[in-house]
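Here is the structure we will look at.
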Amino acid sequence: MHPNDSLDVPPDLTRWGLHAFALGARSTPHAVVALDDNGALLYRAHEGIALAGLEAHGITPSQSQLKLLQTYGLIAVDGDWITTAFPVVGPEVLDSLRPRVRELAADLADRVSGEVQGICAELRRRGHAGHDYAVVFGHAVDGLLWDRLRAHDQVPSTELSIERPFWNGAFWAVYPPVPGGAGVNELSGPAATLIMVWTGGTSDALWELARSETTQQMLTDPTGQTTIPVVAMDESDGLHRRSLNIADTIAQALRSDPNAGALLEAIPNASPHERTLILAHELVWNLMEALLAAGYVRPLAGNSPPGPASPDLREHLLLRLE
């Protein structure tokens, strides 16, 4: 019996939270997991299973199906023995892990509160008081953090190669999924990159706004607009300097904090890089919740906007100068 079978967990990874750290990917594994009955196969093969064992669960994969999963690095095949080749982290781990992650996030929220308050003050000075969540999350916590982790070899390379032509980096599944998690999309232009912080139902509307003529003009001449914050990648810019300090604090904690170390060790069947990414993703969402609860940042407005013309939607945006 699979260890999660008694925990009322969906026996299909398409119903889990699927995450990839794969910057520059031509195609991430999400779509492959969703094909055929791959989600059920990958769930059953988490701890290794013979083809006959899969058939007992009504799963009879074709050779081309197995080859595609191998090509995307999602399974290892040894004769008729198949093993899922990425971390699958279920409630038997997360039920005890997540309360401890929340404790670490609350501690980190206190540690970075001064920098967060500095960002909020600078945004008010610039006339962008509603953009504090977008800058703290989009530029620091879910932006510069990955650069700082990469600088200390805490995350895997995402460079494509002959062996990994579609994606490279890390892929993992968690259940229960993170509730209400936010994310960041980027759109690059000649002079700037548009950072879009999506939550709930805003992703499609943000992309529609990004394709507007006004936004496209911002990417060509970012200094001429005043509707959203502009961040220069230079320590002379207070928004960037404080964001970098926040990212460094989180990366340092993941590298050397004893509590973080214990959390990393509690994640089974994962490489050191994968453990860091899994914990970091859990941590950043909880950190933002802790900052919201303490009143250091305001929640993003327009979580379910009526459309891209909603003025609240611009609070999800900032421009990063290239």
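The values are calculated or read from the model by the stated rules, or taken from the named source; none is laboratory data. The shown structure was predicted, so the numbers you read here are calculated from the model rather than taken from an experiment. All Cβ positions, glycine included, derive from the backbone under ideal geometry; neighbour counts span all protein chains shown. Side chains are part of the model used for accessible areas, which takes the heavy atoms of the whole protein and leaves out ligands, DNA and RNA. Shrake-Rupley method; radii C 1.70, N 1.55, O 1.52, S 1.80 Å.
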Task: Solvent-accessible heavy-atom area per residue, rounded to whole Å², over the chain at 1.4 Å - done: 45 Å²
Open item on the list: Please report the antiparallel percentage of DSSP beta bridges with both residues in the chain, rounded to the nearest 5.
Closed with: 85 percent
Open item on the list: In the chain, if the dipole is taken from +1 on Lys/Arg beta carbons and -1 on Asp/Glu beta carbons about the Cα centre, which of 158, 176, 198 is farthest to the positive end?
Closed with: 198
Open item on the list: How big is the dipole moment of the range 1-142 about its Cα centre under a simple scheme where the beta carbon of each Lys and Arg is +1, that of each Asp and Glu is -1, and everything else is neutral? Debye, nearest 20, please.
Closed with: 680 debye
Task: Residues residue 159 and residue 76, FRET efficiency given R0 of 25 Å [Cβ-Cβ distance, rounded to 0.05] - done: 0.70
- [ ] Treat each spin label as a single point 7 Å out from the Cα along the C-beta direction, and report the residue 15 to residue 322 distance in nm.
- [x] 4.3 nm
Task: Area accessible to solvent at residue 314, 1.4 Å probe radius, in Å² - done: 70 Å²
- [ ] Using a Gaussian network model of the chain whose springs link C-alpha atoms within less than 10 Å, name the residue from 57, 131, 46 with the highest mean-square fluctuation.
- [x] 57
Open item on the list: Could you give me D for the chain, from Stokes-Einstein at 4 °C and 1.567 mPa s, where the hydrodynamic radius is the Kirkwood radius over C-alpha pairs? Units µm² s⁻¹, please.
Closed with: 62 µm²/s
- [ ] Please work out how much length the chain gains when fully extended from residue 185 to residue 102, using 0.36 nm per residue of separation minus the C-alpha to C-alpha distance, in nm with one decimal.
- [x] 27.4 nm
TODO: Grab the Cα-Cα distance for residue 216 and residue 124, subtract it from 0.36 nm times how many residues apart they are, and report the gain in nm with one decimal.
DONE: 30.6 nm
- [ ] Let me know the charge dipole size of the range 133-231 about its Cα centre in debye, to the nearest 20, where only the beta-carbon of Lys, Arg (+1) and Asp, Glu (-1) is charged.
- [x] 160 debye
Task: Cβ-derived FRET efficiency at R0 22 Å, residue 147 paired with residue 256, nearest 0.05 - done: 0.75
- [ ] Can you find, among 292, 53, 63, the residue farthest towards the positive end of the dipole of the chain? Put +1 on the C-beta of Lys and Arg, -1 on that of Asp and Glu.
- [x] 292
Task: Expected 222 nm ellipticity per residue - DSSP helices of 4 or more, -39500 (n - 2.57), all of the chain, to 500 - done: -13500 deg cm²/dmol
Open item on the list: Quick check: from the Cα gyration tensor, does the range 59-211 come out rounded (a/c under 1.5), prolate or oblate?
Closed with: prolate
- [ ] Excluding residue 219 itself, calculate the net charge of residues whose Cβ lies under 13 Å from the Cβ of residue 219, where each Lys or Arg counts +1 and each Asp or Glu counts -1.
- [x] -2
- [ ] Mind grabbing the accessible area of residue 241 for me, 1.4 Å probe, Å², rounded to tens?
- [x] 90 Å²
Open item on the list: Leaving ligands and nucleic acids out of the surface, order 43, 133, 175 by accessible area at 1.4 Å, largest first.
Closed with: 175, 133, 43
- [ ] Might you report the magnitude of the Cβ-based charge dipole of the chain about its Cα centre, with Lys and Arg at +1 and Asp and Glu at -1, to the nearest 20 debye?
- [x] 580 debye
- [ ] Whenever you get a sec, compute what percent of the accessible area on the range 115-230 sits on carbon and sulfur atoms (1.4 Å probe).
- [x] 49 percent
